[in-house]
Amino acid sequence: MNYAIIGCTFILSAFVSIRVMRSTRNQWLGMAAALGMNSIILVTAAWLLLRTDEQVRLFGIDHANRFTLILALPFITWVHLMMLSFVRKRMAWRQS
């Protein structure tokens, strides 16, 4: 379940960040859009999953590794940076 949430978040934020970068021609604005979107989605998903988990409520321990949603945030951001730099170079190559 965690990996499905991370994958959907990656695809959705990749689409939004590329659209923002193409419309503004600014890689860092696209990066900020991806980071903000990833942060909101992953933190909300982690909070909802921990809130609805009865095991955490009873014992205070999470054995389902829900923290991977939060730890995936820097990795997804790094991959987006690489992807946006590739898209920027490709856009510059097409214009020349």
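The values are calculated or read from the model by the stated rules, or taken from the named source; none is laboratory data. Bear in mind the structure is a predicted one, so any value in this text is a computation, not a measurement. Note that we place each Cβ from the backbone using ideal geometry, even for glycine, and neighbour counts take in every protein chain shown.
Restricting attention to the stretch 29-46, which residues are free of Cβ contacts under 8 Å to residues at least 24 places away in the same chain, in contact with a Ser or Thr (Cβ under 7 Å, 6 or more places away or on another chain) and not aliphatic (A, V, I, L, M)?
none
Is it the case that the stretch 55-73 has a residue that's under 9 Å from the mean Cα position of the chain (by Cα) and either surrounded by 13 or more Cβ atoms within 10 Å (Cβ to Cβ) or closer than 30 Å to K89 by Cα (or both)?
Yes, the stretch 55-73 has at least one match.
Going by the structure shown, is A92 without any contact (Cβ under 8 Å) to a residue 60 or more places away in the chain, more than 15 Å from the chain's Cα centre (by Cα) and in a helix (DSSP H, G or I)?
yes
Checking H63 against (1) at pLDDT 85 or above; (2) not in a helix (DSSP H, G or I), which single condition isn't satisfied?
So the condition that H63 fails would be (1).
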